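Engineer: Take this structure, written in structure tokens, and hold onto it; I'll ask about it next.
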Amino acid sequence: VIGQETIDRVRQQTGIAALIGESVKLTKRGRSHVGLCPFHKEKTPSFHVNEERGFYHCFGCGASGDAIKFIQETQGLSFIEAVRDLAERAGIEIVETANDAERKQHAEARRRQQELYDASNIAAAFFERMLSEHPLRHRAQAELERRGLKDDAPTGAIADALQAFRIGYAPYSWDALAEHLRQSGVSPRTAESVGLLAPRKSGGGHYDRFRHRLMFAVLDLQGRVIGFSGRALEEPSAEELAQAGVASLGTPSSDGVAKYVNSPESPIYKKREAVFGLYQARQAVRTGEQCVVVEGNFDVVSLHARGVGHVVAPLGTAFTLEQARQVKRFCPTVILLFDGDSAGRRAVRAARGPCEEAGLAARVAVLPDGVDPDDLARRDGPRAVERVLGAARGIDEYVIDAVLEGFSGENARGQAAKIREARGFTESIKDPTGRDLAVRYAETRLAQFLGVSERRTMLSLERAFAHEPAANAAEKRAEPPHRARSRDRRDEIGHEILGALLDYPPLLDAQEVEDGIERVEGDVAAAVAALRQAWDGQALQDVEQLLAKLAPSIHPFAAARLAAPRHDTLEDARTELLENVEKLKRLEFERQKAEVVEELHRAQSTGDSDREFALLSEHWRRARERRGLTER
Ligand SMILES: [Zn+2]
């Protein structure tokens, strides 16, 4: 438990411009430093660091905070960890507020944990050294080469990647690591608790758990080694062993079974949480605002080596909720890049729930048949990979397509089963809008399978599939038209948006409100345009002239607001503005929907099924657009 005094001192004594300057190129501008935001992709700098206030703020994405927050966000540390890190930099001694007994206990726990990290790190360094020194290293090198990772040391991108991922070789031996750890002063018990050594079944002593394997180190978000994943290698022949002067193990080195052996759970390694490659990928993930999830460690390393840096893999498990949450700390979207085979599809379906629960938008990119991500990158370069990623589709659409595959070739019973399965899937979607969209997508696909002449069938099918559009239309018609009220509501929201802009004109330049500002109409839109003219990027020029340009309906409101801004911080103004933009979008969508429903009813009453179909398609195209989904 760190005392408040220490936290305050850390805040005071950290030069935030120097700290951020280590990773972001900053230029002095007025009273601030300005640079390209490390939290979102941008070409013109909107990231401001204010040394006096010890504060940073990005006008593009809204990221803001103090030095501690910056360290937390960029290094993926907890608050306490970030304070420790900064205290260490500033040479501040950490004063803990706990009592003596507690403090001792904490210190002891930390010391024990540190031993585990140390042991793992010593092992990783040993494996790395063995990859370049051991007489049987060529077996590991051959495996790397097979996966397009032929060491191009000392300068190449592949050598860099091998180093970044701490790739190594676990020697062909029962006790090479055990012996090395002993010499390094690591107790066998410590090594056992991180799964590096295992106790011998008979007699005393320990033996190496990883033997003759290509080793991938698993790092946590602070770059510490927390575990390993070891891939089996081809068994050396008796001749090879003799030549290398290495004694036979007596049994197959990799136990003849597992292709991969992973470290067991330990106090520092939680399988459900660890994400392979996230430490190395975190900067690219953050700036690209998305993270690619592939199946295997090899794909992560080789894509990284070829300049596709925002790639991670789950470690021998399905993508878990905990892993999804880790990724969510760095970006809002994942792209699942799995094999198109049935195992890959199962993996996609299994990943769906965790992503939804973690609030990660999930998309699925499909590789050409029989090609793995690494093949693609090697053959056609990173651009080809980006193209495949760019063509990723929403995960729900992917799942529905997978369920409906082969629909046309099925008999009636088989088709019914597929429809049931699709319905089961759509019903499992928690978000109502997402569920509606998925239902519509399934219907559209079914309509395609059933063919144009059978639209009628499709429409009746659809009624069985989801709610009744006819009933819906009747319900809507029963309501009196509220068009006038809705227009008033729009004006009201427009005023609020204008108000936020008057309070903080820099918001005019903020990227994320652009789309909202464009949506305001009429007098409000004219007022926004006038405001934009008066704003020179620094201050409002000639407020009187600005007011003169405003419509009478706006004038009193704007004058009051200019004299007495309602928002005290830019952040508040931005938040409210964005909320109002959302309201405006919803209103617009409701209006469109009401129109469609009215027309739909007309089409239904005249039995015009073509028109009905066209209307439905158009409506759902808009709904999808609204959700940021693209047409296929
Ligand atoms: Zn930003």
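Engineer: How do the pairs read when you match residues in segment 423-435 that are more than 13 Å from Val399 (Cβ to Cβ) with residues anywhere that are in a helix (DSSP H, G or I), using Cβ under 9 Å and keeping only pairs 6 or more apart or on different chains?
Structural biologist: Lys430/Glu356; Lys430/Glu357; Asp431/Glu356; Thr433/Ala623; Thr433/Arg626
Engineer: Mind listing whichever residues of segment 51-84 are free of Cβ contacts under 8 Å to residues at least 24 places away in the same chain, surrounded by fewer than 17 Cβ atoms within 10 Å (Cβ to Cβ) and under 21 Å from Ala18 (Cα atoms)?
Structural biologist: Glu52, Arg53, Gly65, Lys69, Phe79
Engineer: Could you check segment 209-300 for strands (runs of 3 or more DSSP E) lying wholly inside it with 2 or more residues that are at pLDDT 90 or above and farther than 20 Å from Arg147 by Cβ?
Structural biologist: 225-232, 290-294
Engineer: In segment 26-70, which residue that is over 30 Å from Ile94 (Cα atoms) and of a type in the set (Lys, Arg) is farthest from the chain's Cα centre (by Cα)?
Structural biologist: Within segment 26-70, the match that is farthest from the chain's Cα centre (by Cα) is Arg31.
Engineer: Suppose we filter segment 106-138 for residues that are part of a helix (DSSP H, G or I), of a type outside the set (A, V, I, L, M, F, W, C) and buried (at least 21 other Cβ atoms within 10 Å of the Cβ); how many remain?
Structural biologist: Number satisfying all stated conditions: 1.
Engineer: List the residue pairs whose Cβ atoms are under 6 Å apart, where the first residue sits in segment 522-541 and is under 17 Å from Asp488 (Cα atoms), the second is of a type outside the set (A, V, I, L, M, F, W, C) and at pLDDT below 85, and the two are 6 or more positions apart or on different chains.
Structural biologist: Filtered contacts from segment 522-541: Asp523/Ser553.
Engineer: Looking only at segment 278-298, decide whether some residue is touching a Lys or Arg at 6+ places or on another chain (Cβ under 7 Å), more than 24 Å from Ala170 (Cβ to Cβ) and not hydroxyl-bearing (Ser, Thr, Tyr). Talk me through it step by step, then tell me what you get.
Structural biologist: Of the residues in segment 278-298, the ones touching a Lys or Arg at 6+ places or on another chain (Cβ under 7 Å) are 287-289, 298.
Retained after the next criterion (residues that are more than 24 Å from Ala170 (Cβ to Cβ)): 287-289.
Narrowing further to those that are not hydroxyl-bearing (Ser, Thr, Tyr): 288-289.
Yes, segment 278-298 contains at least one residue that is touching a Lys or Arg at 6+ places or on another chain (Cβ under 7 Å), more than 24 Å from Ala170 (Cβ to Cβ) and not hydroxyl-bearing (Ser, Thr, Tyr).
Engineer: As an exercise: evaluate Ala377 against (1) farther than 28 Å from Glu356 by Cβ; (2) without any contact (Cβ under 8 Å) to a residue 40 or more places away in the chain and give the number of the one condition it does not meet.
Structural biologist: Ala377 satisfies all of (1) farther than 28 Å from Glu356 by Cβ; (2) without any contact (Cβ under 8 Å) to a residue 40 or more places away in the chain except (2).
Engineer: Leu389 versus (1) under 15 Å from Val294 (Cβ atoms); (2) crowded, with 21+ Cβ neighbours inside 10 Å; (3) at pLDDT 90 or above: which is the lone unmet condition?
Structural biologist: Checking Leu389 against (1) under 15 Å from Val294 (Cβ atoms); (2) crowded, with 21+ Cβ neighbours inside 10 Å; (3) at pLDDT 90 or above, the one that fails is (2).
Engineer: So, in segment 154-175, how many residues would count as being farther than 21 Å from Gly277 by Cα and either touching a helix residue (DSSP H, G or I) at 6+ places or on another chain (Cβ under 7 Å) or modelled with pLDDT of 95 or more (or both)?
Structural biologist: Counting residues in segment 154-175 that are farther than 21 Å from Gly277 by Cα and either touching a helix residue (DSSP H, G or I) at 6+ places or on another chain (Cβ under 7 Å) or modelled with pLDDT of 95 or more (or both) gives 1.
Engineer: Please go through segment 118-133 and give me each residue that is in contact (Cβ under 8 Å) with a residue 12 or more places away in the chain and charged (D, E, K, R), ordered by number.
Structural biologist: Asp118, Glu128, Arg129
Engineer: Still on this structure, I have one more. Applying the selection to segment 11-28, what residues are of a type in the set (Val, Ile, Thr) and exposed (fewer than 13 other Cβ atoms within 10 Å of the Cβ)?
Structural biologist: Within segment 11-28, the first condition is being of a type in the set (Val, Ile, Thr), and the residues that meet it are 14, 16, 20, 24, 27.
Thr27, the sole residue that qualifies.
Engineer: Restrict the check to segment 595-606 and report whether at least one residue is under 40 Å from the mean Cα position of the chain (by Cα), surrounded by fewer than 16 Cβ atoms within 10 Å (Cβ to Cβ) and closer than 30 Å to Gly65 by Cα. Reasoning before the result, please.
Structural biologist: Here is the first cut: in segment 595-606, the ones under 40 Å from the mean Cα position of the chain (by Cα) are 595-597, 600.
Still in the list and also surrounded by fewer than 16 Cβ atoms within 10 Å (Cβ to Cβ): 595.
Now drop any that are not closer than 30 Å to Gly65 by Cα, which leaves none.
No: segment 595-606 contains no residue that is under 40 Å from the mean Cα position of the chain (by Cα), surrounded by fewer than 16 Cβ atoms within 10 Å (Cβ to Cβ) and closer than 30 Å to Gly65 by Cα.
Engineer: Looking at segment 512-630, what helices (runs of 4 or more DSSP H) fall wholly within it and have at least 3 residues that are small (Gly, Ala, Ser) and modelled with pLDDT under 80?
Structural biologist: In segment 512-630, the matching helices (runs of 4 or more DSSP H) lie at 555-563, 570-605, 609-626.
The values are calculated or read from the model by the stated rules, or taken from the named source; none is laboratory data. Computed from a predicted model, the values in this text were never measured in an experiment. Note that we place each Cβ from the backbone using ideal geometry, even for glycine, and neighbour counts take in every protein chain shown.
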